[in-house]
Each structure stands twice: as structure tokens, then as C-alpha cells.
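The values are calculated or read from the model by the stated rules, or taken from the named source; none is laboratory data. Predicted, not measured: the structure shown is a model, and the values here were computed from it. Methodologically, a virtual Cβ is constructed for each residue, glycine included, from the backbone with ideal geometry; neighbour enumeration extends over all protein chains shown. Remember, those area values only see protein heavy atoms, side chains included, never the ligands or the DNA or RNA. Shrake-Rupley method; radii C 1.70, N 1.55, O 1.52, S 1.80 Å.
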Amino acid sequence: MPATSRPRRIGMIVPSSNTCLEPQTYRILGGRTDVTVHFTRIPVTRIALDDSSDRQFDPAVMHAAAQLLATADVDVIAWNGTSGSWLGSAHDQELADGITGATGIPATTSTLAYLEAFRTFGTERIGLFTPYTEDVNRQVIASYEREGIKTVDHRALGLSDNESFARVTDDEMRPGSLELAAAAPDALVYLCTNLYGANITAEIEEGTGVPVLDSVAVTLWHALKLASAPLLEPRWGRLLA
């Protein structure tokens, strides 16, 4: 007979060329047995401000992926990508509502998770670090401004090939991170679920005193909240513990 109880199950929709978020999510969870994470992919290879890039985030494709996850009886579904940060929060709220309407399962996205974190922690001023191009950063900053979030400074690594984001090293992230932290924002945001920002979160927090919100950790944090599961260890971001 199947067991009548089981771990909480989190379903995640993943950009196809992302090689970070799956291993990083399980690294963050460590040896926990109270929750499992289950993934499905949609085609995403490039991040830019044009129609061909935007079409990768078609809600119909997301809904089909969510319906596959629903067959695994997951407790929450997350679009684990940050496209809503430049497409706008209304895009992602409509997406989450559509997923819930189609599956009956609570849903979130990386962008909605960040906005919930900002509200929860009273975050109003951020330092923004991304692997993206400058114009994408500018659109993210404008989108956040509409949500009442001021970006005091930002760094963009100038990349657009999504697969390449996961090859950014800790050493490449440290200088910009320290420069952003020097502006004393409420939080330093590593925006991209294919960026290994969580690797240096504890180091940056300890060295600067500035809280860090990494996309992989923040999305997992919100999914855990929605699944009524315990949250994260402080080393992945002291605010998320």
C-alpha cells in the first residue's frame, strides 16, 4: 500500500538552458527529507529586449508545463525564471493566476517571490547585480521603480546567452558585489536563476553587513512558504531563514 503521508512537493518550471537552479536548489535544501523538488523545462536560450526573446515566455507554454507538473501531485508550482522583472509584475501575476486556474495548485514566479520578499523584509532600496545587458537592467530598474523599489546602483555583466550565465565565477561576482554593498542598500539582489549567487551569499553578508537575496534561494523560499514547509538555513540569505 502507498504511504498516506509524503514530503511536501514543489514543482518548478525551468528555462531549458539553465544549468544552475536544479543543482543549486538541491544544494540549498541539503539533507532535508521533508520536501522534494520536481522540474520541467521550457525552451529559453537568450535574454534580450526583443520579440523573439519575449516569445519564449508565452503563457500557453508555461501552462502546458504546469499541467505536466500537476500530474506529480505537487503542492506548489513556480516559474523559476526572472523574465517578469523586465516584462512587469502584472505579466507574472497573470501567469501565476492562470496556472492556478488550470491546475488548482498555488503558483508563484521568481519575480513574485522577490516582490513578496521585499514586502516581508521592508526592502525599499536595492543594489542590483545581473549577468544581463545594460538595457535589460534598465528595464528591470524601471519595473521595480513602479513597485516602489529604488535601485541605488547596479552592475550588468553584458551577457545574453542564457547558458553562459551559469559560467560566471565567484571571483567575477565579488568586485561588483562589494561595490554595490558599499552603497548601503537594504539588500543586494542577484537577479538571475542561472547565476550562482548563493555560493557567495554568506561571504558577502558577513563581510559587508548587507543582506543578500539570490534568485534561486528567493524562489525556493517563497515556494516553501506556499507549501507550508520550513524555510532556509541562514547561510543562503539571513533574511530567508
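Table: residues versus (1) closer than 14 Å to residue 110 by Cβ; (2) among the basic types (Lys, Arg); (3) more than 14 Å from the chain's Cα centre (by Cα).
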site: 149; (1), (2), (3): no, no, yes
site: 154; (1), (2), (3): no, no, yes
site: 176; (1), (2), (3): no, no, yes
site: 213; (1), (2), (3): yes, no, no
site: 222; (1), (2), (3): yes, no, no
site: 228; (1), (2), (3): no, no, yes
site: 238; (1), (2), (3): no, yes, yes
Checked against (1) farther than 21 Å from residue 229 by Cβ; (2) in contact with a Gly (Cβ under 8 Å, 6 or more places away or on another chain), residue 78 satisfies every condition except (1)
Counting only residues that are free of Cβ contacts under 8 Å to residues at least 40 places away in the same chain and surrounded by 20 or more Cβ atoms within 10 Å (Cβ to Cβ), the stretch 131-150 contains a total of 2
Reported set for the stretch 76-104 where residues are under 14 Å from residue 223 (Cβ atoms) and β-branched (Val, Ile, Thr) is 76, 77, 99, 100
Scanning the stretch 8-47 for residues that are open to solvent by 50 Å² or more (accessible area, probe 1.4 Å) and in contact with a Ser or Thr (Cβ under 6 Å, 6 or more places away or on another chain), the one modelled with the lowest pLDDT turns out to be 46
Of the conditions (1) without any contact (Cβ under 8 Å) to a residue 24 or more places away in the chain; (2) assigned to a helix (DSSP H, G or I), the single one that residue 117 does not satisfy is (1)
All conditions in (1) closer than 19 Å to residue 236 by Cβ; (2) of a type in the set (Gly, Ala, Ser); (3) surrounded by fewer than 17 Cβ atoms within 10 Å (Cβ to Cβ) are true of residue 122 except (1)
Residue hits (the stretch 67-104; out of contact with any helix residue (DSSP H, G or I) (no Cβ under 7 Å at 6 or more places or on another chain), buried (at least 16 other Cβ atoms within 10 Å of the Cβ) and at positive phi) are none
For the stretch 160-173, check the following and say yes or no: at least one residue is under 19 Å from residue 210 (Cβ atoms), open to solvent by less than 40 Å² (accessible area, probe 1.4 Å) and either out of contact with any helix residue (DSSP H, G or I) (no Cβ under 6 Å at 6 or more places or on another chain) or not in a strand (DSSP E or B) (or both). yes
In the stretch 177-206, residues that are in a loop (DSSP other than H, G, I, E, B) and either aromatic (Phe, Trp, Tyr) or open to solvent by 40 Å² or more (accessible area, probe 1.4 Å) (or both) total 5
Subset of the stretch 13-27, residues in a strand (DSSP E or B) and among the β-branched types (Val, Ile, Thr), comes to 13, 14
